[in-house]
Structures are given as structure tokens and as C-alpha cells.
1. Cβ under 15 Å from B:Leu166's Cβ, B:Leu166 left aside: what net charge do those residues give with Lys, Arg +1 and Asp, Glu -1?
2. Take each complete run of DSSP H in chain B, measure how far its Cα atoms stretch along the helix's own axis, and keep only those covering 24 Å or more with mean Kyte-Doolittle hydropathy at least 1.6; list them.
3. Counting only other chains, what is the mean number of Cβ atoms within 10 angstrom of the Cβ of each residue in peptide B:293-305?
4. I want the local charge near A:Ile112. Using Cβ-Cβ distances under 11 Å, sum +1 for each Lys or Arg and -1 for each Asp or Glu among the other residues.
5. Across bins of 5 angstrom width beginning at 0, how are the C-alpha pair distances of the range B:46-251 distributed, in whole percent?
6. For the range B:91-183, with equal point scatterers placed on the C-alpha atoms only and solvent neglected, what are the log10 I(q)/I(0) values from the Debye formula at q = 0.14, 0.18 1/Å, to two decimals?
7. Quick one: which of B:Lys109/B:Lys198; A:Lys12/B:Lys283; B:Lys7/B:Lys306; B:Lys176/B:Lys216 span more than 23 angstrom between C-alpha atoms?
8. Which values of log₁₀ I(q)/I(0), to two decimal places, follow from the Debye formula for the protein assembly as shown at q = 0.11 Å⁻¹ with a uniform point scatterer at every Cα?
Amino acid sequence: MTAIIEGTGLTKRFGTGEATVLAVDAVDVQIEESELVMIMGDSGCGKTTLISLLGCILTPDDGELRIDGEAIDPVSEDLSVIRREKIGFVFQLFHLLPYLTALENVMVAMDIAKTNTREAESRAIELLTQVGLVDRLHHRPAQLSGGEKQRVSFARALANRPKIIFADEPTANLDSRQSDNLMHLIQELRREYQTTIAIVTHHEGLKANADRVIQMKDGRILNT
Amino acid sequence: MKTLFLKDMRYRQARVVLTALGITVLISLILLLGGIMNGMRIQARQYVESTGADVWISAEGSGGAFIGFSMVVEEYMAFLNSAPGLTADSASPLVFAQARPTVRGKSTKAIVVGYKLGQLGGPKQAVDGRMFTRSNFEDYRPEDPVPYEVVVDEKMGLEIGEQITLGNEKVRVVGKAKSLMFVLDTPLLFMDVRIAQKLLLGNTPHVNMMIAKASKNEQPVRAAADLDALETIEARTLKQTLGDIIAYYVDEPMKAVQFLRVMLWLAAGILVGMITYVTMLEKTQEIGVLKAIGAANSYVMGLLLKQVVLISGVGVILGLILAYIFAAAAPIFVAIHLVESIIVACISFIVCCGSGYMAARKAITVDPMIAFRGEI
């Protein structure tokens, strides 16, 4: 198997002076292509920071990162290209744009990638149908349940056919039935698109779905 | 999605409307304050310019025809009518005094202008009715009883034949003059100089000033300087008189307003800047989301700037419209200059867009993760 993500010595600190917190401490991590990895650990152990570093939405203070074989220079490089072409993100709090409908929230990711509007609309409908929201296309986030919002968020993450999807606590705001449904959906999507998936969770019950579990504590990886 | 920025604005319409209204009110206030001062300047000039006089003569030590207390004996008329540098027989006596006539039972402000009909100092014709009856003699004589008649400003709304009370006397309105309001919409009441002397100057053979035309081959400044050299009078040119009158009636009393205007400019600049800056900063979470899903900085910046430009543009245009509406409805004369409006509009627009740009720039330069956690 080929490593699609390779992080070496990734380090991230927050705050200054005595208030500095070492969120991720010289972490080496590899994720293989089509792998489903769960990153687990207690609250505040650095899981979200780590996937934010790997997903190029947070700049590391130190360390090196390679995505799909390419070395990433977060300081000088325009990371927006990598974010829209290779990465899909699912956030714990969904982060859907409140003024757009479910359909438009998925389409906006393709609009950013300059996909033709008609093509974007048809793919967005296809994805929302796949996640079971065909009857919710024109609903705004405020009109959707937590589970529905999370599924829109997944559809948006898949919109530009990314190689990797990072999901930060995707089941944190869902009940157990919604969590099971979501995991089932993730497995289905993974089978269909062969996408690499990294999920941050503290939900022990989800472990069974993973190819591998990365356990974190105090900003470091304990075992993989 | 070309309308993304509009969808966002529609979603936050209350915020958008309040921001645009904030800009609107500030711009209209700045323009109105400027307009009030412009209006006062215009009104201060228009009567003085309308007289056609080149030289204004007042009592020595008065500081100018309209400034200090000035009483000049009429005997100077004979001297002025043959003075070198002045057009022969062009000198005219003038009473110019603030008064509180009672009009329809109400005490009101006005300025009485007493002059000799047909000479410099007031209108030659009425726009409605007739001019007042002219006194026959050059000086006051008991055998020349002049009727108490007045020609009022057409905007006073008085009818011909109506009577107003001035001092203890009833004065009959016989005509209306083309409106020439003095500072702060003070109407002018034109009457024969003898009546003005009787009603306002204790029936003495004094006037407040004399005005004359410079002779054709003499510069007014030279003619005024020659007269000014005399020990008992002061003489000023039209330009000097206008300068005195604007300084005395507008600039001095309006110093506080001028200061307020400068402060308002500063406050408006800061407030308008802050409104747009804060409005943009509040969008950092969305900026973070857009960046996290792959939006380039230029895409996000385009989205934000379209909003800033639209809100600022609407705010500025509404501010201009509101200022002109308020100016038309104001109880005093307000003159908003077009050039000033354009300058205010342009500066406000630049301040809005500049602060919006700064906020947007700050928001897009941070990592998406930091932006959508609102930690900037």
C-alpha cells in the first residue's frame, strides 16, 4: 500500500509565553490510500489539531507533510488547490453556510472548483440522493436535523471527488441511531469512491469500523 | 454561484440594512452641517451683492458697515455725492437694523432696510403690489409726512394690505420683494429711509451706513482707501464688506458648528470604518469554512468586497438623497454643493471599502481552522 499522507515531526503550539500549549508534539504519522483510520484519545489530546494539520487547514510550527506524494509548503504555497482537489472536510459542528440550501451548500464546493453550474447541480443532487436527502434539497441548515446536516456536510466533502476525507467528531452531535446510520453511509461511500478516510472520534463503539486506530495522548501518538 | 454574496446579504438583511443606514445617516449629517453653513454664507452675501454698491461707508471705529455700532450723520451725503473716485450722486443713505416686528400677533425676527427708493440699497420694483411711497426731501422735514409702508420678502407669506407692528407703529404691507433672506432665513423689510429712522433710530438724522458706486475710471479699492483715510468714517469695498459680513455673521457664530463638523467627519470616518470592519470580521467563521473547502483567497476576497461595495454604495447614495431631502425640508436655508456632495460620497465610499478590505484581508490571511473557530 502507498502512503497518501505522510507527516513527519508535525508540531503545533497555541498561545504565547507561559500560556503556550503544545497541542501536537513532533508527531510522525502515515495514512495509506483507501484506509479508514480512526484517531482517538481524550478531549484536548490534539486529535482535531492533528487532522487540521494533515488536512492543510492549519499551519504546523514545525515538521513536514506530504500529500499524495507531494511535499507541502504551507508558508509559500497556495493550499487552496490542495484543499479543493485532494481533501474533503467534515466538521463536528457541520459548518454549513446558513444562507444556502442543502443543494447550494454542496454546489458551493464545486463552484469554488470552477465546475460548470449545471454539472455541479446534477452532481450535488446525485450526492444528496446518495446520502438520503433528496427530499431536503431546498432546505436551509436551520430546517435540517443534526444527522441531516452531517450528511449534507459529507456530500459537500465528496463534491470534488477528493482523495482523502477528514471527519472531525462526525457523530458527536448525533444520537446512536444517527451515528450508526452515518458510519454505514461512510462505509458505503468509501467502498464506492475508494476514498481515504480519517475520522477523529472519542466514540469507542466506532472502532470496529476502522482499518486502524491511532491513539493520541498529550499531543503525541501512543500506538497505531 | 454568482449570487452567493447576495444570498448572504439577504440572509443577514437586518445587519445589512443597519450598516447601510449607519453610513446613510452619517453622510447626510455631514452634508447637512456643511449645507447649513453654505446657506448662511449665500444668504449673508445675497443682499449685499444685490445693492450694486462698490463702496460701503460706516462710522469711524465701527469695524465695518455691518459689524459694529455705526451711526453716520446724513450730511456726509453731500460730500460723498461729489467725492472724487465715486460716481456723482450715487451715494445712498442706508438703515440696516435688526427688528422684532409683530406679524399676525406674533413677534418675529426681521431686518429693516431703510433706503431711498430709486437709489442703491434695495429693490427698485416689487414682484407683487407696489413699492413704498418715497419721501420727497433729502433730509427729514415735518412737512413731508411719509406713509408707514413696507415692502416685505415674498416668502414671509404676508398679504398686501396687511399691517404689521414695528415699534409702536402700524406699518402697511404695500408690496412684496423678490426673496433676499439674510442669514438664518431672516426676512428683509424694505421701507423708506425716513420711516426706518423714525421707527428704529429715534427720528434722528442718522443712518447706519452709506453706499455708493465707484466712478468708472476708478478702482473701488482705491476709492474706498481714499475715503477711509478720512478721520470720521470707515470705507470698505464690496469684497471687504462681504468678507466682514461672512466672518461676523457666519464664521464667528458658527465656530462651534465648524468644530462639530470636523469632529463629525472624524467620527463618521471612524464609525463607518468600524461598522464595515466589524461586519467583515463577523464573517470570519464563514471565511474559514469557505477556505477549508478549497476557496482561494481571491474567491473569498471577491465575495466580501462585492458585499462591501454594495453596502457602501447603497449607504452613500441614500446618504446623498437623504441629505437633499432634509435640506429641502429644513426650516432654514440649506445649500448643499454638488462638488462637496461628490467629495463626501467618494471619501465615505473609499473609507468603507478600505476598512472592509482591511478586515477581509485580516480574515483571509489566517488559517481556516483559526478563522472558523473565531480566534482572530
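The values are calculated or read from the model by the stated rules, or taken from the named source; none is laboratory data. None of these values were measured; they are calculated from a predicted model. With ideal geometry, Cβ positions are generated from the backbone for all residues, glycine too; neighbour counts draw on all protein chains shown. Accessible surface is based on the protein model in full, side chains and every heavy atom, while ligands, DNA and RNA are left aside. Shrake-Rupley method; radii C 1.70, N 1.55, O 1.52, S 1.80 Å.
1. Details: positive: B:Arg100, B:Arg104, B:Lys106, B:Lys109, B:Lys170, B:Arg172, B:Arg194, B:Lys198; negative: B:Glu149, B:Asp153, B:Glu162, B:Glu169, B:Asp192.
Net of charged neighbours comes to +3.
2. Values: long enough: B:13-50 (52 Å, 1.01); B:255-281 (38 Å, 1.57); B:297-329 (47 Å, 1.84); B:338-364 (38 Å, 1.55).
Long hydrophobic helices here: B:297-329.
3. Values: counts 22, 20, 8, 7, 2, 2, 5, 2, 0, 0, 0, 0, 0.
The per-residue average across the peptide is 5.
4. Numbers: positive: A:Arg83, A:Arg84, A:Lys114, A:Arg156, B:Lys291; negative: A:Glu85, A:Asp111.
Net of charged neighbours comes to +3.
5. Spelled out per bin, shortest first, that is 1, 8, 16, 21, 20, 16, 11, 5, 2, 0, 0.
6. -0.50, -0.85
7. Details: B:Lys109/B:Lys198 19 Å; A:Lys12/B:Lys283 25 Å; B:Lys7/B:Lys306 12 Å; B:Lys176/B:Lys216 32 Å.
Distance filter (> 23 Å) returns A:Lys12/B:Lys283; B:Lys176/B:Lys216.
8. -0.99
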